[in-house]
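J.: To start, I am sharing the structure in question, which I have written as structure tokens.
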Amino acid sequence: MSTSRSISGSTSSGAIERFDDKARESFEHLGQTTVYRGELLRHPVYTRVVHWMVALFFFLALFTGFSIYLPWLFRWFTPFFGGGPLSRVMHPWFGLGFVVFFGLQALNWLQPMIWTAADSNWMRNMGKIVSGEAKMDPPDTGFFNAGQKLQFWEIVGGCIAYLITGIILWAGARTFGRIPVAISYVIHDISAVIMLGGIFIHIYQSTFGEPGTFQAMVRGAVSEAWAWTFHPAWYKQVTGRDPQQACEEARRQMTTSSKP
Amino acid sequence: MADRKALQAEMISGHSGPAPGHGMQRDLEVCKLVDTTTCIGCKACEVACAEWNDLPFSPTTFDNTYQTMPETRWNFWNLIKFNEHQNPDGTIQWLMRKDQCMHCADPGCLAACPADGAIVKYANGIVDFNQENCIGCEFCVSGCPFNIPRFNPATKRVYKCTLCSDRVGEGLEPACIKACPTGCLKFGTKDDMKFIAEERTKQLRDNFGWKNAGVYDPQSVGGTHVIYVLHDATDPERYGNLPSNPQIPWSYTVWKWLFKPVLGTFALFGFLGVVLHYVTSGPRRTQPEPPAKDGANVNV
Ligand code: HEM
Ligand code: SF4
Ligand code: SF4
């Protein structure tokens, strides 16, 4: 059992990294991550706190926003937030909270989210991975896979679109004129629907779709088996062992112990 | 005209499904006729409007013209716009136009509004804001081609001319009509008002030399329930920015009634998609998995 804070062996430097290291360090005083034997550290306290703040504000903004988006939902959703007028007043603030927290997360994850050749390879194999035909992810899959990176960059783009169009909608036609408002409204909505579709997949993958993932964001640690199955290159990087061999070894142990 | 069925709802903003009860009875469309050629700019209608609707006084700014204030306000729905126009022959015209909600047949404000029941269009043509349902988003401001809805920051609601729906519902004419001393304002059915307006423009063309006199009833918003007689219908802009071709942004029509439901459904299918994935191909487990039961076919 050990408590540790280094992650993903990031090597980039500069202002972002320094800011981020400081934030991570100060959050280690607020909580800790226990990594048991047979496990690996996945996400430190800071990353987890920011992730759940992002998720919280996302859903607050989603529900206040969707009640205004679809007439069919208006009467269902607005009462949760104290009625239509209050939903309207709160939505931009929830949205701003989401953008600010995701901004922190974006700085936090900029380095591991950079697209590499391994990701293009992952995309070519996506069909097999999604259908479950490929039991393990491609051997060169690192800390994040291409699907996760796509989702990350989609949200980065979405946040920028939200922020610009949201401010235009917030201040309204009196400040920006009729046409910018009418256009912003469409972009804002498209951005929301794309993000919603992505979030369904995201929540599914990190809970039911790939069991063992959820604990990465709550306890911060994952099993070694999870790591060599879904992120083999990362497994190799942090343990120095070969993921394929480690898996075979575990399989041998499992079959011998299951025979009487 | 008019009895209580004059206030039968025809369209309701942000409402799923058609307006309840619409189409049960046939209603006459009402209309206000404003003859700009006989308006003397006395402001009686402004006062009558503020009086009847109990609108609180607010200080105005004097800009050296015969106009009460630069624009309508949340508490001032009826403004006589004053414009000095120079004709090509050097003569000067004082143009007075009563500015207020046009009660469009195709109301951009209503199309833009997301709140169920905040804007209602009655079968008689009146477009009314119900402040108790308004959420203060001001989308109606961007939907309206006539720059009419006004936001009150204190109540966070928008306000505008109601065409005195409360009076019309009881069989009375709007307050401004009652106050007008010259007969420049008239109220009745849309057909009657169109007829009078056409007669008047004929008179202006034939007897007074206003070659371009015409009726303003813009078809780009399906016609309006406030129509103008203009000396020169080819250039409505000179009457204080009356748009010659008022438009509702496409985003509020196509987007709202077509793409929103479609995209909303896609989002739902996203959810169904992941559920289906789970029950068909199932989760991807960490490897190694426990060996399959002897003889069992894992692909069943
Ligand atoms: C109940 C909802 C959610 C659950 C259960 C959840 C769970 C998780 C988990 C377990 C991870 C870690 C994945 C890993 O270590 O590989 C993760 C990562 C992440 N989460 Fe969430 N999350 C939720 C909502 C959200 C929301 C609303 C957003 C943003 C709008 C978001 C954005 C991200 C991003 C960008 C990552 C990193 C890349 C990825 O794994 O896809 N999450 N989440
Ligand atoms: S003039 Fe503007 S506020 Fe009045 S009905 Fe037309 S769109 Fe609505
Ligand atoms: S501000 Fe206008 S668009 Fe928004 S809810 Fe009120 S009436 Fe509807």
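The values are calculated or read from the model by the stated rules, or taken from the named source; none is laboratory data. Since this is a predicted model, take the numbers as computed values, not measurements. Glycine also receives a Cβ, built like all others from the backbone with ideal geometry; neighbour counts cover every protein chain displayed. For the accessible areas, the whole protein counts, side chains as well, though only heavy atoms, and no ligand, DNA or RNA atoms are used. Shrake-Rupley method; radii C 1.70, N 1.55, O 1.52, S 1.80 Å.
J.: From (1) at pLDDT 95 or above; (2) within 16 Å of ligand 2 (Cβ to nearest atom); (3) of a type outside the set (Asp, Glu), pick out the condition that doesn't hold for B:ASN133.
T.: (1)
J.: Take B:TRP52 and decide whether it is at pLDDT 95 or above and touching a strand residue (DSSP E or B) at 6+ places or on another chain (Cβ under 9 Å).
T.: no
J.: Could you check the range B:129-139 and list, in sequence order, the residues that are within 10 Å of ligand 3 (Cβ to nearest atom) and more than 9 Å from chain A (Cβ to nearest Cβ)?
T.: Residues satisfying the conditions are B:PHE129, B:ASN130, B:GLN131.
J.: Still on this structure: Is one or more of the residues making up the range B:99-112 of a type in the set (D, E, K, R), within 14 Å of ligand 2 (Cβ to nearest atom) and within 14 Å of chain A (Cβ to nearest Cβ)?
T.: Checked the range B:99-112: no residue is of a type in the set (D, E, K, R), within 14 Å of ligand 2 (Cβ to nearest atom) and within 14 Å of chain A (Cβ to nearest Cβ).
J.: (1) away from chain A (no Cβ under 14 Å); (2) modelled with pLDDT of 95 or more; (3) within 16 Å of ligand 2 (Cβ to nearest atom): which one isn't true of B:VAL168, the others all being true?
T.: (2)
J.: What's the number of the only condition in (1) aliphatic (A, V, I, L, M); (2) buried (at least 17 other Cβ atoms within 10 Å of the Cβ); (3) closer than 17 Å to A:TYR162 by Cβ; (4) away from ligand 3 (no atom under 16 Å from the Cβ) that A:LEU56 fails to meet?
T.: The one condition A:LEU56 does not meet is (2).
J.: Do we find that B:ASN241 is out of contact with any Pro (no Cβ under 7 Å at 6 or more places or on another chain), closer than 25 Å to B:ASP191 by Cβ and surrounded by 13 or more Cβ atoms within 10 Å (Cβ to Cβ) in this structure?
T.: In short, no.
J.: Can you tell me which residue within the range A:196-217, out of those that are open to solvent by 50 Å² or more (accessible area, probe 1.4 Å) and more than 13 Å from the chain's Cα centre (by Cα), is nearest to ligand 1 (Cβ to nearest atom)?
T.: Once the filter is applied, the top-ranked residue is A:GLN215.
J.: Go through the range A:123-139 and count every residue that is part of a helix (DSSP H, G or I) and either crowded, with 20+ Cβ neighbours inside 10 Å or in contact with an Asp or Glu (Cβ under 6 Å, 6 or more places away or on another chain) (or both).
T.: Count: 1.
J.: Does B:ASP116 count as in contact with a Gly (Cβ under 9 Å, 6 or more places away or on another chain) and either more than 14 Å from ligand 2 (Cβ to nearest atom) or of a type in the set (D, E, K, R) (or both)?
T.: The answer is yes for B:ASP116.
J.: Residue by residue through the range B:218-230, note down the ones that are surrounded by 22 or more Cβ atoms within 10 Å (Cβ to Cβ) and assigned to a loop (DSSP other than H, G, I, E, B).
T.: Those that are surrounded by 22 or more Cβ atoms within 10 Å (Cβ to Cβ) and assigned to a loop (DSSP other than H, G, I, E, B): B:PRO218, B:HIS225.
J.: Can you tell me which residue in the range A:112-154 is farthest from ligand 1 (Cβ to nearest atom), limited to those that are charged (D, E, K, R) and more than 12 Å from chain B (Cβ to nearest Cβ)?
T.: The extreme case among them is A:ARG124.
J.: Looking only at the range B:9-49, which residues are open to solvent by 30 Å² or more (accessible area, probe 1.4 Å), acidic (Asp, Glu) and at pLDDT 85 or above?
T.: B:GLU10, B:GLU29
J.: Under the condition of being in a loop (DSSP other than H, G, I, E, B) and not aliphatic (A, V, I, L, M), which residue from the range B:206-217 is most open to solvent (accessible area, probe 1.4 Å)?
T.: Checked the range B:206-217; the qualifying residue most open to solvent (accessible area, probe 1.4 Å) is B:LYS211.
J.: Given the conditions (1) open to solvent by 10 Å² or more (accessible area, probe 1.4 Å); (2) touching a residue at least 40 places away in the same chain (Cβ under 8 Å), and given that B:THR91 satisfies all but one, which numbered condition is not satisfied?
T.: (2) is the only condition that B:THR91 fails.
J.: Determine the pairs where a residue that is at negative phi and assigned to a loop (DSSP other than H, G, I, E, B), located within the range A:97-122, has a partner that is of a type in the set (Val, Ile, Thr) and more than 16 Å from ligand 2 (Cβ to nearest atom) with Cβ atoms under 9 Å apart, the partner being 6 or more residues away or on another chain.
T.: Correct list of pairs: A:LEU110/A:ILE16; A:GLN111/A:THR11; A:GLN111/A:ILE16; A:PRO112/A:ILE7; A:MET113/A:VAL156.
J.: Criterion first (surrounded by 15 or more Cβ atoms within 10 Å (Cβ to Cβ), within 14 Å of another protein chain (Cβ to nearest Cβ) and part of a helix (DSSP H, G or I)) does A:ARG75 satisfy it?
T.: When the stated conditions are applied, A:ARG75 passes them.
J.: Residues of the range A:82-97 being under 13 Å from B:ASN133 (Cβ atoms), open to solvent by 20 Å² or more (accessible area, probe 1.4 Å) and either more than 13 Å from chain B (Cβ to nearest Cβ) or touching a helix residue (DSSP H, G or I) at 6+ places or on another chain (Cβ under 7 Å) (or both), which ones?
T.: A:ARG88
Residue by residue, here is whether (1) within 16 Å of ligand 1 (Cβ to nearest atom); (2) touching a residue at least 60 places away in the same chain (Cβ under 8 Å); (3) out of contact with any strand residue (DSSP E or B) (no Cβ under 8 Å at 6 or more places or on another chain) holds:
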| site | (1), (2), (3) |
| --- | --- |
| A:HIS51 | yes, yes, yes |
| A:PHE63 | yes, no, yes |
| A:SER67 | no, no, yes |
| A:ARG75 | no, no, yes |
| A:PHE80 | no, no, yes |
| A:GLY84 | no, no, yes |
| A:MET90 | no, no, yes |
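J.: Please go through the range B:244-297 and give me each residue that is more than 8 Å from every other protein chain (Cβ to nearest Cβ), modelled with pLDDT under 80 and closer than 19 Å to A:PRO211 by Cα, ordered by number.
T.: Answer for the range B:244-297, where residues must be more than 8 Å from every other protein chain (Cβ to nearest Cβ), modelled with pLDDT under 80 and closer than 19 Å to A:PRO211 by Cα: just B:ALA292.
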